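The values are calculated or read from the model by the stated rules, or taken from the named source; none is laboratory data. Worth saying up front: this structure is predicted, and the values here are computed from it rather than measured. Cβ sites come from the backbone with ideal geometry, for glycine too, and all protein chains shown count toward neighbours. SASA here: full protein model, heavy atoms, side chains in, ligands and nucleic acids out. Shrake-Rupley method; radii C 1.70, N 1.55, O 1.52, S 1.80 Å.
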Amino acid sequence: MGVTDPAGPVMDRDEVDRALARLGAEHEAIETSLLALQDHAGRRLLEGAELTGVTKERWTAAEASITLLWAYFDAYTDALRSAREIRSRRRWSSRDDLVELTELLRGESVTVAGSAAATANTPTLHGGSGKLSEQFTLVTLVDRMNELYATSLDMVVAADAVWSALPARIDLLAAELQRTRRLAHSVGVRPGEHPAGDDLERITRTLTNLRAEVVSDPLAYWVPTQGSSAPGGGKPDTTVYDREARALEDVRREIDAVLTVRQDAEQRLIKLRDVLSRADRTLAEARTARGEVLAKIAATEVPVVSGPPTVLQEQLATAAEYRRHAQWHRLSPLLESLEQKAEDELLRARESLTAVTAPLAVRAELRGRLDAYKAKVARHGLAEDPFLIERYDAARRMLWSAPCDLRVAEQAVLRYQQAAAELLGGPRVPGPRGPEDRQGPGS
């Protein structure tokens, strides 16, 4: 094609028809998208909401973009209608018709009038010059509409996603919070009296503020997906919601623990009294045993046995008082503390008894060892050996005398073992040897 005009080579009839078909399809697609955006639930909510913060700023810009979109679409529709009218004048378009169509379809033939305010509020407009009108080709106009549509739809979809997700979840959590508050009040867990009551008040305030913020500024709770160009790419930010849900779950577990206390408080108090009673009896036994040790064992340091701690009895009485007055929130932590302290007290009493009776256990062990060697000697026919009888009697007198010197008695038992080992021909029993030890048959 040798003929040209400012829009480039003049299009032939086939090129014009293909261009009109393509532009008609684009027109239909754009119209469908604009109508869908117009009817989008998120857009209707944005129009009627009292917005704040970043959502208010972006919706102001989006509204200007949507207004401009319709202005662009109307100009695009008029241009496409004019082109179709020119093409329909005759079956075989004349050269003048083709020149006019080429200018209309390829040149900057579309003039869009717009206000300076609308242009300034639309960040996607390159330059944001605020001109009262602009010139476009149809291709450029389609690109501009696609750009405006994508940014507007992204904002609408994001706000709608937050509104669809968070307020309903907050309401469900708030309902659960109210049930927990009623349950807490039934067991005496109230603000200022129990930490869980204070937590419930804080969670209530946080959820109330969160819901108000989500409704007025949903985009403040939107996290875009990095690298995503699709409209609405991202997810609602549930950080605050999740934190409060976990806090409420912790409080609910604590309330359940208080309820459990209410159900089995009597059994736990009975068990506590039994444990403390056993500890007292064990300490009394240890005190009696100490007197016996001091009377029967000489040269031995016996640990002092302390009395039962009165503070535990006082706390037990306080716990019983809490139960009588149904102060379950106070009884719960006190019972847990008392149960641990009671077990520790019983363990301490048992350790005290063991430490006090240790010398008696040593004496019993020496007695058993002496009798075991005597039986062994008797099995080998040496029960009548005078030297063994002498050693046995000496050791026995020491072990069965009061007070018993354990150190001297142990040496006497070792001497008897050594003498028996020598006569039996077994391995020598290590131990001290004194001048009175046997030196030979003639001593």
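Descriptive notes on the structure:
- Sequence-distant lysines (8 or more away, or on other chains) whose Cα lies within less than 25 Å of residue 296: 374
- Seen through its C-alpha gyration tensor, with square-root eigenvalues sorted a ≥ b ≥ c, region 244-304 comes out oblate because a/c lies at 1.5 or above while a/b is not bigger than b/c.
- Relative to its residue count, region 184-292 spans a Cα convex hull of 179 Å³ per residue.
- Dipole magnitude of the chain about its Cα centre (Cβ charges: Lys, Arg +1; Asp, Glu -1), debye to nearest 20: 2840 debye
- Subtracting the Cα-Cα distance of residue 292 and residue 190 from 0.36 nm times their residue separation leaves 31.2 nm of extension gain.
- Entry for region 29-98 at q = 0.24, 0.28 Å⁻¹: log10 I(q)/I(0) = -1.06, -1.20, Debye formula applied to identical alpha-carbon scatterers, no solvent contribution.
- Considering only 297, 164, 49, and ranking their Cα positions along the charge dipole of the chain that arises from unit charges at the beta-carbon of Lys, Arg, Asp and Glu, the one farthest toward the positive end is 297.
- Positive dipole terminus of the chain, leading residue within 149, 332, 277 (C-beta point charges): 277
- Computed on the chain, with alpha-carbon pairs under 8 angstrom and 6+ residues apart, the relative contact order is 12 percent.
- Averaged per residue, the chain has 54 square angstrom of accessible surface, using a 1.4 angstrom probe with ligands and nucleic acids left out.
- Whether region 219-276 is rounded, prolate or oblate, judged on the alpha carbon gyration tensor where a/c under 1.5 counts as rounded: prolate
- Fluctuation leader among 237, 256, 264 - the chain, Gaussian network, Cα springs under 10 angstrom: 264
- Peptide ranges 84-91, 99-106, 373-380, 272-279 listed from the most packed, as the mean C-beta count within 10 angstrom indicates: 99-106, 272-279, 373-380, 84-91
- To put it simply, the accessible area of the chain at a 1.4 Å probe is 52 percent carbon and sulfur.
- Peptides 58-64, 305-311 ordered by packing proxy, namely the average of other Cβ atoms within 10 Å per residue, highest first: 58-64, 305-311.
- Choice from 387, 136, 73 with maximal GNM fluctuation in the chain (Cα, 10 Å cutoff): 387
- Between the listed residues 247, 36, 236, the Cα displaced farthest toward the positive end of the dipole of the chain, a dipole computed from Cβ unit charges relative to the Cα centre, is found at 247.
- Förster-model FRET efficiency, 60 Å R0, residue 326 and residue 362, C-beta, rounded to 0.05: 0.65
- With the simple model of a label 7 Å out from the Cα in the direction of the Cβ, residue 347 to residue 311 spans 1.8 nm.
- Surrounding net charge for residue 290, when Lys and Arg each add one and Asp and Glu each subtract one, Cβ distance under 12 Å: -1
- Counting only protein chain heavy atoms and rolling a 1.4 Å probe, the accessible areas of 66, 389 rank, largest first, as 389, 66.
- Probe 1.4 Å - accessible area at residue 149, Å² to nearest ten: 50 Å²
- Cα convex hull, region 290-368: 100 Å³ per residue, rounded to a whole number.
- Between 50, 292, 384, the residue with the greatest mean-square fluctuation in the GNM of the chain (Cα pairs under 10 Å linked by springs) is 384.
- Distance-filtered residues of region 271-303 - backbone nitrogen under 12 Å, label point 7 angstrom along residue 318 Cα→Cβ: none
- In terms of its C-alpha gyration tensor, region 196-251 has an oblate overall shape, because the principal axis ratio a/c (a ≥ b ≥ c, square roots of the eigenvalues) is not below 1.5 and a/b does not outweigh b/c.
- Seen from residue 221, the other residues with C-beta closer than 9 Å to its C-beta sum to a net charge of -3, counting Lys and Arg as +1 and Asp and Glu as -1.
- Correct option for volume of the Cα convex hull per residue in Å³ [calculated from the coordinates] among (1) 186; (2) 344; (3) 139: (2)
- Within the chain, percent of DSSP bridges classed antiparallel, to nearest 5: 80 percent
- Using the Cβ-Cβ distance between residue 267 and residue 146 with R0 set to 60 Å, the FRET efficiency from 1/(1 + (r/R0)^6) comes to roughly 0.25.
- Normalised by residue number, the volume inside the convex hull of the Cα atoms of region 138-209 is 67 Å³ per residue.
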